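J.: Quick one: structure below, then a few questions.
The values are calculated or read from the model by the stated rules, or taken from the named source; none is laboratory data. Please read these numbers as outputs of a predicted model, since none were measured by experiment. All Cβ positions, glycine included, derive from the backbone under ideal geometry; neighbour counts span all protein chains shown. These area figures cover heavy atoms from the full protein model, side chains too; ligands, DNA and RNA do not enter into them. Shrake-Rupley method; radii C 1.70, N 1.55, O 1.52, S 1.80 Å.
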Amino acid sequence: MSYNIKKSGVTLAMLLMGFMGFVVSSCSDDPDSENFYTFTGEMASDYLTSRRQFSEFTEIVKRAGLMDLLSTYGHYTCFVPSNEAVQAFLQKRGVQSLDQLTDADCDTIARTHIVANMYTTMEMNQDRLATANLLGRYLATSAGFDNDSNAVVVLEGLVKISFEQKDDSVENGVMQPVDMVIEKSNSYITDLLRENPKISTFYSALVATDVIKDVMLVDDPTWNPRDHEKYYYRSHTHSEVGWVPDTKKYGYTFFIETDSVLQEKYGIAPGDLRALYEKACELYDPVYPQDVSAPGHSFENLKDSVNPLHRFIQYHILNKYCAGTSDLTPMEVNYGPANGAFGIDITMINPTDWHYTLLPHTMMKVEQLMVNKLIGEGKRLQRYINRRYDGTFKIEGTHIDPTIEKEPVHDALNGHYFYIDDMIAFSSEVQNKVQNDRIRMDFTTVFPEIIGNGIRGEGNWRDDGHDDDNHPDDSATPKNGRNYYFPMGYLDGVTFSANCHFVLRRPHATYWSWQGDEMNIFGDYDFTFRLPPIPFSGDWQVRLGFCSIPTRGITQIYFDGVPQGIPLDMTKDLNSDYYIGDRYNTSYEDLSDEQKAEEQKILKLLGAYRGPKSIFCFSQSSKTPFSNTTGTYRRIMCQTYMDATKDHFVRFRVASDGKQGNNNEFMLDYLELVPKSIYGVDSDGEMEDDL
């Protein structure tokens, strides 16, 4: 039996609500799916072969050898161009018929139009689909109009989904007829930048500084997922299975001031590298005063690593591929009490992520504006770089333009670029004000390969919480998505012993983990990872956020090779005798301000903090702040002076007695880097904010 999505029509207001509101990515096993589907009995392959208006695309799919795939059970979205659209594509290519296309051409075309997940138009609410197509490329989405002024979804800034025929569902997917053949660029990101006349000044600087040579990688040719077996493990009470990632891609994300922005705001004429260099000196000399007199500082030495323009260009580039703005901040959701972002209370804080740049030892902060107060008119849901707008500072930051242009193309094999409305730099203001704050990072952003290979947030997080306890779904396409593990050498800056596994558990709404996902180490592990960079040298705390449960183990923590205090026992919560016992009510909300401050001081002396009150675990009907449970807390891994010009490492070495719990399971949920300006409050009645 198959099903058709109910044809209620999508008004312009509803469509814009989908793009500007909090609708989540498609999950074919959504418990509310009956609101969308009725059953009729047709597969995707039947749909194609039974409709003459799609016969040419059907022939392309057959020649690609994918018709059998579309005749089997699964979860697919198929964007189906009409015969007229295929003919227009062929004419553009300068060929007369399908016979003149090679089988390889057909394979590329077919795989570009098929996505291994189900999406209705109302679920295409971000600036890209959350799942890549069968070529591993993401399709850009935006709101637009067809020739009859109907509100429709537009793909790649150009291809319109049919208003009359959209959301036609079959047993194994959703069929979305489109008015053009979808094309994705096979160029490198540097080629796309060169071809865009709007950013000629930036591109000239990219070449002149030689940074262009640092953004040429695409993927690791030695990576073969078939070399690695599935890993079966047990976490808490759940039997699960992990796969290695399908790909090991390299990529880059650029944020670029257009020529018009540079000229209008800074008087820098197109192509005037001298003026751009002088502006870079103004921004970077206060941050790196020791290099001002170095030979490499001069305009004649733009390729030198200490040159201000070289640093300026490096800071505009992330070391991972982000295909849309949704990759830059935590997942948007609208599910029960989680209205806004996954596990983040948007009445308290804006969803924020931190990303590494190509400028050594720097990060940029990307913030999505959701808190109603202090965000400014018309800015809601927009994303900004290096913004800090709070009771201490009023720094607006730089807006990221999510616009998808028809031309020029923004998405390449190994990268993507966004326009920005003002200059960005690792300036003294960013260093000492914006980033002189608590830096909280989910571990999926600590390791850039996770976002860069499209595996953060994968799967149906609204399922029942776990696979079957005794029989995990280890099929090629598991019903609710995959968990992953990372072999030695996959993650940069990570080393570990041979007798352990490092696992990423996919998101679940009901798990006691921030944003629903978590990373676990199993076995007799000895695990080391490089910490994210800090913005300035000084005294810092490094904290680990996690959830204590009886099936976990004990670890000894080291910072830069030096052991840090007594081992961390993940079986103990804050009610244990080691911490506060039953001295305080477990409900944080029931404590007075004075009790909260006193409790924080007691815990701080013991090397711990409660979980933040701005993040929570949720189900369809309720949510619980991490601050209200004694199991979700933060442990201080170290408190020490840190040099911002050097790499620093944290090491975890198993200290459990034998195979404690689930094979010595150790949890990494989120990381906090906290400067003394934040953690150092200690006068009477004061405390670090509990957000």
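J.: Quick one: which of V95, V61 is in a helix (DSSP H, G or I) and over 25 Å from L328 (Cα atoms)?
T.: V61
J.: Here's another thing I want to ask about it. Pick out the one residue from S627, S622 that is among the polar types (S, T, N, Q), closer than 25 Å to W461 by Cβ and surrounded by fewer than 20 Cβ atoms within 10 Å (Cβ to Cβ).
T.: Exactly one of S627, S622 is among the polar types (S, T, N, Q), closer than 25 Å to W461 by Cβ and surrounded by fewer than 20 Cβ atoms within 10 Å (Cβ to Cβ), namely S622.
J.: Taking the criterion of being in contact (Cβ under 8 Å) with a residue 60 or more places away in the chain, in contact with a Lys or Arg (Cβ under 9 Å, 6 or more places away or on another chain), more than 22 Å from T325 (Cβ to Cβ) and in a loop (DSSP other than H, G, I, E, B), would at least one residue in region 215-222 satisfy it?
T.: There is at least one residue in region 215-222 that is in contact (Cβ under 8 Å) with a residue 60 or more places away in the chain, in contact with a Lys or Arg (Cβ under 9 Å, 6 or more places away or on another chain), more than 22 Å from T325 (Cβ to Cβ) and in a loop (DSSP other than H, G, I, E, B).
J.: Using beta carbons and a limit of 6 Å, which pairs, at least six apart or on different chains, have the first residue in region 389-410 and under 27 Å from F426 (Cα atoms) and free of Cβ contacts under 8 Å to residues at least 24 places away in the same chain and the second one of a type in the set (A, V, I, L, M, F, W, C) and open to solvent by 30 Å² or more (accessible area, probe 1.4 Å)?
T.: Cβ pairs passing all conditions: Y389/L374.
J.: Any residue at all in region 366-381 that's acidic (D, E), surrounded by fewer than 17 Cβ atoms within 10 Å (Cβ to Cβ) and out of contact with any Leu (no Cβ under 9 Å at 6 or more places or on another chain)?
T.: Taking region 366-381 first, the residues acidic (D, E) are 367, 377.
Still in the list and also surrounded by fewer than 17 Cβ atoms within 10 Å (Cβ to Cβ): 377.
Keeping just the survivors that are out of contact with any Leu (no Cβ under 9 Å at 6 or more places or on another chain) gives 377.
Yes, there is a match, as at least one residue in region 366-381 is acidic (D, E), surrounded by fewer than 17 Cβ atoms within 10 Å (Cβ to Cβ) and out of contact with any Leu (no Cβ under 9 Å at 6 or more places or on another chain).
J.: Also, quick follow-up: Filter region 328-348 for residues that are in contact with an Asp or Glu (Cβ under 9 Å, 6 or more places away or on another chain) and either open to solvent by 20 Å² or more (accessible area, probe 1.4 Å) or among the aromatic types (F, W, Y) (or both) and give the result.
T.: F342 - this is the single residue of region 328-348 that is in contact with an Asp or Glu (Cβ under 9 Å, 6 or more places away or on another chain) and either open to solvent by 20 Å² or more (accessible area, probe 1.4 Å) or among the aromatic types (F, W, Y) (or both).
J.: Which one is farthest from D127 (Cα to Cα) among residues in region 391-409 that are part of a loop (DSSP other than H, G, I, E, B), at pLDDT 90 or above and open to solvent by less than 40 Å² (accessible area, probe 1.4 Å)?
T.: G397
J.: Report yes if T352 is open to solvent by 20 Å² or more (accessible area, probe 1.4 Å), out of contact with any Pro (no Cβ under 7 Å at 6 or more places or on another chain) and under 28 Å from G136 (Cα atoms), otherwise no.
T.: Values: open to solvent by 20 Å² or more (accessible area, probe 1.4 Å): yes; out of contact with any Pro (no Cβ under 7 Å at 6 or more places or on another chain): yes; under 28 Å from G136 (Cα atoms): yes.
So T352 passes the test.
J.: Let me ask you something else. In region 376-390, what residues are closer than 30 Å to S185 by Cα, at pLDDT 95 or above and of a type outside the set (D, E, K, R)?
T.: Y384, I385
J.: Quick one: which of E598, E688 is acidic (D, E), surrounded by fewer than 21 Cβ atoms within 10 Å (Cβ to Cβ), over 33 Å from the mean Cα position of the chain (by Cα) and not in a strand (DSSP E or B)?
T.: E598
A quick yes/no check of all residues on (1) within 26 Å of the chain's Cα centre (by Cα); (2) open to solvent by less than 20 Å² (accessible area, probe 1.4 Å); (3) under 20 Å from H75 (Cα atoms):
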| position | (1), (2), (3) |
| --- | --- |
| L139 | yes, yes, yes |
| G144 | yes, yes, no |
| N150 | no, no, no |
| V153 | yes, yes, no |
| K166 | no, no, yes |
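J.: Regarding V181, is this residue under 23 Å from V86 (Cα atoms), more than 26 Å from the chain's Cα centre (by Cα), at pLDDT 95 or above and among the aliphatic types (A, V, I, L, M)?
T.: In short, yes.
J.: For N453, state whether it is surrounded by 17 or more Cβ atoms within 10 Å (Cβ to Cβ), in contact with a Ser or Thr (Cβ under 9 Å, 6 or more places away or on another chain) and not acidic (D, E).
T.: Considered against the rule, which asks whether it is surrounded by 17 or more Cβ atoms within 10 Å (Cβ to Cβ), in contact with a Ser or Thr (Cβ under 9 Å, 6 or more places away or on another chain) and not acidic (D, E), N453 comes out as yes.
J.: Then there is this: Would you mind stating whether R93 is open to solvent by 30 Å² or more (accessible area, probe 1.4 Å) and at pLDDT 95 or above? Step through it out loud before you land on a result.
T.: On the way: open to solvent by 30 Å² or more (accessible area, probe 1.4 Å): yes; at pLDDT 95 or above: no.
For R93, the condition - open to solvent by 30 Å² or more (accessible area, probe 1.4 Å) and at pLDDT 95 or above - is not met.
J.: Next up: Considering region 593-632 alone, what residues qualify as being closer than 16 Å to A341 by Cβ and either touching a Gly at 6+ places or on another chain (Cβ under 9 Å) or among the aliphatic types (A, V, I, L, M) (or both)?
T.: Within region 593-632, P612, I615, F616, C617, F618, K623, P625, F626 meet the criteria.
Residue-wise test of (1) in contact with a strand residue (DSSP E or B) (Cβ under 8 Å, 6 or more places away or on another chain); (2) outside any loop (DSSP other than H, G, I, E, B); (3) under 23 Å from G553 (Cα atoms).
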| position | (1), (2), (3) |
| --- | --- |
| N460 | no, no, no |
| D463 | no, no, no |
| S475 | no, no, no |
| N480 | no, no, no |
| A509 | yes, no, no |
| N520 | yes, yes, yes |
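J.: If you don't mind, another one. Kindly indicate the residue of region 184-202 that is in a loop (DSSP other than H, G, I, E, B) and polar (S, T, N, Q) and also nearest to F418 (Cα to Cα) among those meeting that condition.
T.: Applying the filter and picking the extreme gives N196.
J.: Take the residues in region 537-573 that are open to solvent by 60 Å² or more (accessible area, probe 1.4 Å) and part of a strand (DSSP E or B), then tell me which one is nearest to T630 (Cα to Cα).
T.: This residue is P563.
J.: What are the residues in region 548-575 that are of a type in the set (V, I, T) and within 31 Å of the chain's Cα centre (by Cα), if any?
T.: Scanning region 548-575 gives I549, T551, I554, T555, I557, T571.
J.: Still on this structure, I have one more. Restricting the search to region 203-245, which residues are farther than 30 Å from R311 by Cα, open to solvent by less than 30 Å² (accessible area, probe 1.4 Å) and among the polar types (S, T, N, Q)?
T.: Residues satisfying the conditions are S235, S239.
J.: Still on this model: Filter the strands (runs of 3 or more DSSP E) completely within region 605-677 down to those with at least 3 residues that are out of contact with any Lys or Arg (no Cβ under 9 Å at 6 or more places or on another chain).
T.: Values: elements: 608-610, 616-618, 623-625, 632-642, 649-654, 666-668, 670-675.
So the answer is 632-642, 649-654.
J.: Quick test of your reading of the structure: Q595 fulfils all but one of (1) touching a Ser or Thr at 6+ places or on another chain (Cβ under 8 Å); (2) over 26 Å from C638 (Cβ atoms). Name the failing condition by number.
T.: Single failed check for Q595: (1).
J.: Looking at L135, is it open to solvent by 10 Å² or more (accessible area, probe 1.4 Å), under 23 Å from the mean Cα position of the chain (by Cα), more than 30 Å from Y335 (Cα to Cα) and not basic (K, R)? Explain how you work it out, then say what you get.
T.: Values: open to solvent by 10 Å² or more (accessible area, probe 1.4 Å): yes; under 23 Å from the mean Cα position of the chain (by Cα): yes; more than 30 Å from Y335 (Cα to Cα): yes; not basic (K, R): yes.
Yes, satisfied.
J.: Further question on the same structure: Looking at S576, S497, S513 in this structure, which one is surrounded by 16 or more Cβ atoms within 10 Å (Cβ to Cβ), within 22 Å of S235 (Cβ to Cβ) and of a type in the set (S, T, N, Q)?
T.: Of the residues listed, the single one that is surrounded by 16 or more Cβ atoms within 10 Å (Cβ to Cβ), within 22 Å of S235 (Cβ to Cβ) and of a type in the set (S, T, N, Q) is S513.
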